[in-house]
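What follows is one structure encoded as structure tokens, with my remarks underneath.
The values are calculated or read from the model by the stated rules, or taken from the named source; none is laboratory data. Predicted, not measured: the structure shown is a model, and the values here were computed from it. A quick note on method: Cβ atoms are made from the backbone with ideal geometry, for glycine too, and the neighbour counts reach across all protein chains shown. What goes into the accessible areas is simple: the full protein's heavy atoms, side chains included, and nothing from ligands, DNA or RNA. Shrake-Rupley method; radii C 1.70, N 1.55, O 1.52, S 1.80 Å.
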Amino acid sequence: MTPDSLRAALGGVPDPDWLDTALRRVAAEPTAITRLFPAAGRRCGRAELPDAPGWTADDAARVLLLTSLPSDHAAYAESLYQHGDAAERRAVLRALPLLPIGAAGVPLLHDAIRTNDTRLVAAALGPYARHLDPAAWRQAVLKCVFSGVPLVAVADLDSRADGELAAMLAALAAERNAAGRELPADATDLLDRLTAALPREA
């Protein structure tokens, strides 16, 4: 999603004037975001957005607030994440790929992946996860399998999955089979695809 598409999807929020004013305020007075960011859920609602599948109004509004900052995006993202509740943290994670911060937000991904909050784990594996190194990314994918996060949440899964991830999934599948359990269907499908793509031994 882009800021423009999120803004369009928010056309039916309960208080559109508040959002317009908040975005202008943040652009002119960046420190105002510390008050406006938490208020977005109350003023814009938390309803699913029909024109932005998977997004809620508060998510989208908070992302727009972050993208409206004129500077210091990484510092504000870190502060809002560290001091925010789960919904606010998820919005920060979803905003990261839209902010001009390079890899500065990677520590926030690591923190989110360590949690047991599946909403944060899923948000951390979005497009910004391209900044995770291969080893950390593979571990994050396994965390999704362990915690029940659907692998459809993992951006660039097919292009980044490799033989090492296949070996890790195979080991996990063996452990679960020994315990009379199975991998989730999407993880089994991924393992099958990766196994089929591996070169066969002569």
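Taking each residue of region 86-112 that is within 14 Å of Ala40 (Cα to Cα) and hydrophobic (A, V, I, L, M, F, W, C) and looking for partners that are open to solvent by 10 Å² or more (accessible area, probe 1.4 Å) and at pLDDT 95 or above with beta-carbon atoms closer than 6 Å, six or more apart or interchain, yields Ala86/Asp117; Val92/Leu80.
What about Gly84, is it touching an Asp or Glu at 6+ places or on another chain (Cβ under 7 Å), within 25 Å of Ala122 (Cβ to Cβ) and not aliphatic (A, V, I, L, M)? Full working, then the answer.
Details: touching an Asp or Glu at 6+ places or on another chain (Cβ under 7 Å): no; within 25 Å of Ala122 (Cβ to Cβ): yes; not aliphatic (A, V, I, L, M): yes.
No.
When region 155-186 is filtered for residues that are farther than 20 Å from Leu125 by Cα, open to solvent by 60 Å² or more (accessible area, probe 1.4 Å) and of a type outside the set (A, V, I, L, M, F, W, C), the ones remaining, listed by number, are Glu175, Asn177, Gly180, Arg181, Glu182. None of Glu78, Glu48 is among the acidic types (Asp, Glu) and in contact with a strand residue (DSSP E or B) (Cβ under 7 Å, 6 or more places away or on another chain) except Glu48.
Against the condition under 22 Å from Ala112 (Cα atoms), in contact with a helix residue (DSSP H, G or I) (Cβ under 9 Å, 6 or more places away or on another chain), open to solvent by less than 20 Å² (accessible area, probe 1.4 Å) and not basic (Lys, Arg), how does Leu151 come out, does it pass?
Considered against the rule, which asks whether it is under 22 Å from Ala112 (Cα atoms), in contact with a helix residue (DSSP H, G or I) (Cβ under 9 Å, 6 or more places away or on another chain), open to solvent by less than 20 Å² (accessible area, probe 1.4 Å) and not basic (Lys, Arg), Leu151 comes out as yes.
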